[in-house]
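Worksheet for the structure shown next.
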Amino acid sequence: MRRTLTTALAAISLLLCSQIASAQTLEEMISLANEGIPSYQCMLGYKYLDGDGVEKNVPEAVKWFKLAAGNGDVYAAYTLGKTFHGGDGIPQDYAEAMQWFRLAAEMGDANSQYHVAEMYQSGTGVEKDYVAAYAWLSLAIGNGANKRGIRDNLERDMNVSQIAEAKSLAESLEASFH
């Protein structure tokens, strides 16, 4: 229930954030972002990332996303993960992508939990670790991600002891976030 509520609140927050931020002029948005309001920092990040009303500038977008993520904005952290993972407009950096995905994952974002799992499973930016991948997939599934088939496939490559360790890790991770 808590996970569903967190996901619903995050979706509502993004919707409200976009409505509030779109009602402002760019100058007002920058002023509010400079005051430390995460929703405006995040929206400015998206404006610079997409070139929406400003010249596209990925490094500037990253700057605003980092400020917003530092202020607890899960969407900014997730977007930083995607941006560093893809390397579109900035140097690709899997280790940094993992850092931002992990932050958003710890905030309960199922998509980020899946990306953390995927990176552990493939060994992208981190050492390959099926136990960690399984644990993060379990968290993602618990938060509504439709990834049960991926976890089932991963389980086939694991022994009974690894699966038990992964389940224990998932419980430990979940407990540490609340």
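Quick note: the coordinates plus some simple rules give every number you see, no bench work behind them. Keep in mind that what you see is a predicted model, and the values were worked out from it rather than measured. We place every Cβ from the backbone using ideal geometry, glycine too, and count neighbours over all the protein chains shown.
Given the criterion surrounded by fewer than 24 Cβ atoms within 10 Å (Cβ to Cβ) and assigned to a loop (DSSP other than H, G, I, E, B), identify the matching residue among Q121, Q92. Just a single option satisfies the conditions, and that option is Q92.
Here is a check on your reading of the model: is L103 farther than 28 Å from L49 by Cα and crowded, with 18+ Cβ neighbours inside 10 Å? In short, no.
Might you check whether a residue that is farther than 30 Å from A133 by Cβ, outside any helix (DSSP H, G or I), free of Cβ contacts under 8 Å to residues at least 40 places away in the same chain and not aliphatic (A, V, I, L, M) occurs anywhere in the range 57-78? Yes, there is a match, as at least one residue in the range 57-78 is farther than 30 Å from A133 by Cβ, outside any helix (DSSP H, G or I), free of Cβ contacts under 8 Å to residues at least 40 places away in the same chain and not aliphatic (A, V, I, L, M).
Among the listed residues A140, A132, identify the single one that is aliphatic (A, V, I, L, M), in contact with a Leu (Cβ under 9 Å, 6 or more places away or on another chain) and either buried (at least 21 other Cβ atoms within 10 Å of the Cβ) or in a loop (DSSP other than H, G, I, E, B) (or both). Answer to the check: A132. Given the conditions (1) out of contact with any helix residue (DSSP H, G or I) (no Cβ under 7 Å at 6 or more places or on another chain); (2) in a loop (DSSP other than H, G, I, E, B); (3) under 20 Å from P59 (Cβ atoms), and given that Q99 satisfies all but one, which numbered condition is not satisfied? Evaluating Q99 over (1) out of contact with any helix residue (DSSP H, G or I) (no Cβ under 7 Å at 6 or more places or on another chain); (2) in a loop (DSSP other than H, G, I, E, B); (3) under 20 Å from P59 (Cβ atoms) leaves (2) as the failure.
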